[in-house]
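*Asks:* Mind looking over this structure? Questions follow.
The values are calculated or read from the model by the stated rules, or taken from the named source; none is laboratory data. Treat the numbers as computed from the prediction; the structure is a model and nothing was measured. Quick reminder, even Gly has a Cβ in these numbers, built from the backbone with ideal geometry, and neighbours come from all protein chains shown. What goes into the accessible areas is simple: the full protein's heavy atoms, side chains included, and nothing from ligands, DNA or RNA. Shrake-Rupley method; radii C 1.70, N 1.55, O 1.52, S 1.80 Å.
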Amino acid sequence: MTDLLQRYLKSVERRLPKEQAKDIIAELREVISAKIETEEAKLGRAANADEVAAILKAYGHPVVVASRYAGFDYLIGPNYYPWFWHVQRIAVGATIAITFAIIALRSLGADEPFRAAFRGFGGAIEAALICFGVVSLLFVLAERYKLDMKWAQKWDPKTLPRDHMREPKSLFETFIALVFDIVIILWWVKVVNFPNQVPLRGDASVEIHLSEAWGAVYWPILVLMVGAAVVHLADLLHPAWTRLRSVASIAGHASGIAILWVLFRAQPLIEVGPANGADAEQTEKVFRLIENIMNVSMGVAGLIWAVVIGVEIWRLWQTTRPPAVPPMPHSLSV
Amino acid sequence: MPVAADIIEVLRLELRRGTLILAVLGCLRSEKYGYTLKTELGEKGVDIDEGALYPMLRRLEAQGLLTSEWREDAKRQKRFYRLSADGAAALDQLTIEWRAMNGAIESILKEGGQ
């Protein structure tokens with residue numbers, strides 16, 4: 001009995017604050033001994049090891065018992081928790097954004113850009129995890145030492161967004177968009193290449209290239225692609241809708257429509273050449289098919305972008321109107 | 001649809017959490033050690049787990065609301081607790097608060113036909 005109780009108390013003591021441990025253990029010893037003696041009085045004999053173990057088990061695991069004396073129940077308590085996620089979002093978002101910018105720059109200058117970019121992604125995840133860990137540690141320390149949170153009261157309701165005009169974009173959605181931006185920019189500036197051969201029946205195939213028509217809009221397209229990446233970077237830091245975001249969207253989509261117009265007028269959009277023994281008829285067929293698909297796709301894209309512009313203009317217009325006041329319930333109206 | 005038992009249990013625990021301290025302070029107007037305190041609370045309908053009671057007594061002592069001393073009783077060394085002067089003042093204030101809140105809640109529940 002003594003041995004089990006002794007081991008239990010030692011196990012609790014190891015987890016207690018040093019300066020109070022002896023005193024707490026003395027009291028615990030008295031409390032649990034009294035429980036064992038009460039049990040023995042009921043049984044009319046000395047409690048065996050199983051009976052003592054049952055009493056100790058009912059009192060609680062040493063980790064749980066010791067934690068009740070720790071003086072703090074939370075790693076990050078309710079006062080700090082909302083700020084924890086707010087700061088994590090900004091810190092991890094900024095870390096990912098900065099790391100990806102560095103990856104893009106390094107990949108552009110590397111001999112093997114694809115491999116450099118791939119290695120960089122691993123580094124980005126590592127940096128994000130380290131950032132998450134550091135911020136978590138800071139908040140645990142803030143909770144442990146009850147950091148003054150008066151600064152959190154220094155906010156102005158007038159700086160809140162006027163209206164909830166668009167659901168804030170999720171971090172995942174923005175992250176995927178940013179990765180896509182980087183890959184497509186690297187392809188556009190010919191740092192990375194994608195397969196451009198379309199297999200036909202048998203061993204024959206054709207090679208597809210963008211036509212000279214695209215040369216006239218090379219720089220505008222690159223500027224638009226970089227602009228989209230910048231907007232997605234901004235979304236990481238500030239996912240809520242802003243007027244600036246809306247203006248950027250209108251400008252971007254309007255420029256996109258202008259580029260589509262230029263391309264429509266400068267047909268053809270692609271060049272198709274035979275490879276691996278494809279004949280002229282097959283090549284011509286593929287050319288017509290892909291040209292038609294691209295024309296239809298660009299037409300659909302133009303329509304969708306026009307709708308997007310309309311929606312963004314509507315959102316901007318909505319913010320200039322005074323907010324609608326919800327009707328007062330009858331029971332509260334005077 | 002009936003409210004799930006676990007939700008009721010969480011609400012019940014939240015409701016009890018603050019009132020337990022008031023009950024403990026109230027009981028310790030006269031000196032007691034842990035076991036007699038738990039027994040007295042139990043007899044009055046306030047059950048408290050020992051695992052929660054002793055850390056609570058220690059916190060209240062650290063806040064200056066209780067005093068304690070080790071003394072021999074029935075051939076055993078026991079730790080006796082009682083309300084300090086600050087504890088008595090805190091108990092008076094909390095009692096006023098409790099009665100006001102209790103009255104307000106009663107009134108609300110009566111209006112709702114509870």
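*Asks:* Of the heavy-atom accessible surface of the stretch B:60-114 (probe 1.4 angstrom), what whole percent is carbon and sulfur?
*Replies:* Ligands and nucleic acids excluded, carbon and sulfur reach 53 percent.
*Asks:* Between A:Ala280 and A:Trp83, what FRET efficiency comes out of the Förster formula 1/(1 + (r/R0)^6) with R0 = 51 Å and r the beta carbon distance, rounded to 0.05?
*Replies:* Calculated value: 0.15.
*Asks:* On a C-alpha basis, how far is the centre of the stretch B:4-28 from the centre of the stretch B:37-80 in Å? Whole number, if you could?
*Replies:* 17
*Asks:* Still on this structure, I have one more. Grab the Cα-Cα distance for A:Ala204 and A:Trp188, subtract it from 0.36 nm times how many residues apart they are, and report the gain in nm with one decimal.
*Replies:* Separation in residues times 0.36 nm, less the Cα-Cα distance, equals 3.0 nm.
*Asks:* Which residues belonging to the stretch A:59-98 lose at least 10 Å² of 1.4 Å-probe accessible area when the assembly is complete, relative to their chain isolated?
*Replies:* A:Tyr59, A:Arg68, A:Tyr69, A:Gly71
*Asks:* Then there is this: Anyone know which of A:Val63, A:Val217, A:Val198 comes out most mobile in the 10 Å Cα GNM of chain A?
*Replies:* Maximum among the listed residues: A:Val63.
*Asks:* Across peptide B:44-53, what mean number of C-beta atoms from other chains lies inside 10 Å of a residue's C-beta?
*Replies:* Mean shielding by partner chains, rounded to a whole number: 2.
*Asks:* For chain B, find the longest principal axis of its Cα atoms and tell me its angle to the long axis of helix B:50-62, 0 to 90°, nearest 10.
*Replies:* Orientation of helix B:50-62: about 70 degrees from the principal axis.
*Asks:* Which residue, A:Ile130, A:Val192, A:Val296, has the largest displacement toward the positive end of the dipole of chain A when charges sit on each Cβ (Lys, Arg +1; Asp, Glu -1)?
*Replies:* A:Ile130
*Asks:* Of the residues A:Ile185, A:Ile24, A:Ile98, which exhibits the maximal mean-square fluctuation in a Gaussian network model of chain A defined by a 10 Å Cα contact cut-off?
*Replies:* It is A:Ile24.
*Asks:* Give the accessible surface of the stretch A:204-258 per residue, rounded to a whole number of Å², with probe radius 1.4 Å and ligands, DNA and RNA excluded.
*Replies:* That works out to 48 Å² for each residue.
*Asks:* If I stretch the segment between A:Ala46 and A:Arg265 completely, what's the gain in nm (0.36 nm per residue apart, minus their alpha carbon distance), one decimal?
*Replies:* Using 0.36 nm per residue and subtracting the Cα-Cα distance, I get 68.8 nm.
*Asks:* Could you calculate, for the stretch A:1-94, the ratio of the Cα radius of gyration to the Kirkwood radius, expressed as Rg to Rh?
*Replies:* Expressed as Rg/Rh, it is 1.24.
*Asks:* Now a separate question. How big is the dipole moment of chain A about its Cα centre under a simple scheme where the beta carbon of each Lys and Arg is +1, that of each Asp and Glu is -1, and everything else is neutral? Debye, nearest 20, please.
*Replies:* 1080
*Asks:* I need the helices of chain A that pass two filters: whole DSSP H segments spanning 24 Å or more by Cα along the axis, and mean Kyte-Doolittle score no lower than 0.5.
*Replies:* A:81-109, A:113-144, A:171-188, A:218-237, A:243-265, A:280-320
*Asks:* Another question, if that's okay. About its Cα centre, what dipole magnitude does the stretch A:29-107 give when the only charges are +1 on Lys and Arg Cβ and -1 on Asp and Glu Cβ, stated in debye to the nearest 20?
*Replies:* In debye, rounded to 20, the stretch A:29-107 gives about 440.
*Asks:* How high is the FRET efficiency between B:Arg82 and A:Phe132 when r is their beta carbon distance and R₀ equals 56 Å, given to the nearest 0.05?
*Replies:* Efficiency at R0 = 56 Å is approximately 0.70.
*Asks:* Another question, if that's okay. Set Lys and Arg Cβ to +1 and Asp and Glu Cβ to -1, take the dipole of chain B about its Cα centre, and tell me which of B:Ala89, B:Leu15, B:Thr39 lies farthest positive.
*Replies:* B:Thr39
*Asks:* Rounded to the nearest 100 Å², what is the sum over both chains of accessible area buried where B meets A, with a probe of 1.4 Å?
*Replies:* The buried area between B and A, both sides summed, comes to about 1300 Å².
*Asks:* Then there is this: Calculate, for chain B, the solvent-accessible area per residue in square angstrom, rolling a 1.4 angstrom probe over the heavy atoms of the protein chains.
*Replies:* Heavy-atom SASA per residue in chain B reads 65 Å².
*Asks:* Calculate the FRET efficiency for A:Tyr74 and B:Ile8 from the Cβ-Cβ distance with a Förster distance of 22 Å, rounded to the nearest 0.05.
*Replies:* In this case the efficiency is close to 0.40.
*Asks:* Ok, one more. Only four residue types carry charge here, +1 at the Cβ of Lys and Arg and -1 at the Cβ of Asp and Glu. Report the dipole size of the stretch B:39-114 about the Cα centre in Debye, rounded to the nearest 20.
*Replies:* 300
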